[in-house]
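Visitor: Pasting a structure here, questions to come.
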Amino acid sequence: MTQSRRALGIVVVLFGLSGCGLHYWGKPGGSQDDFNRDSATCAKEASPQYGIFIEDVYRACLRARDWTRTQQQAPPPAGWYRGIE
């Protein structure tokens with residue numbers, strides 16, 4: 001296998017593993033202020049003690065507030081916000 005084919009193969013594998021974008025949170029009618037408030041509340045719930053952050057609790061908390069997490073290309077469309085996870 002030539003060096004260029006090997007390099008191309010590595011790039012293809014890395015691209016496939018990286019996905020097509022970052023995850024963002026959105027909900028119909030949700031504003032940046034709404035997300036910031038809900039995200040801060042959920043972050044507190046997800047860090048019960050000793051500064052340990054429990055990502056699943058954070059995500060469940062936002063979902064309970066009707067936020068949906070999906071992968072978006074950067075920059076994300078209007079109404080989609082980046083969480084702390």
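The values are calculated or read from the model by the stated rules, or taken from the named source; none is laboratory data. Treat the numbers as computed from the prediction; the structure is a model and nothing was measured. Cβ placement follows ideal geometry from the backbone for every residue including glycine, while neighbour counts extend to all protein chains displayed. Side chains included, ligands, DNA and RNA excluded: accessible areas come from the protein's heavy atoms. Shrake-Rupley method; radii C 1.70, N 1.55, O 1.52, S 1.80 Å.
Visitor: Compare F53, F35 by solvent-accessible area with a 1.4 Å probe and give them largest first, with all protein chains kept in place.
Guide: Details: F53 75, F35 5 Å².
These residues rank, largest area first, as F53, F35.
Visitor: Under a crude label model (7 Å from the Cα following the beta-carbon direction), how far is I54 from H23 in nanometres?
Guide: Computed distance between label sites I54 and H23 equals 1.7 nm.
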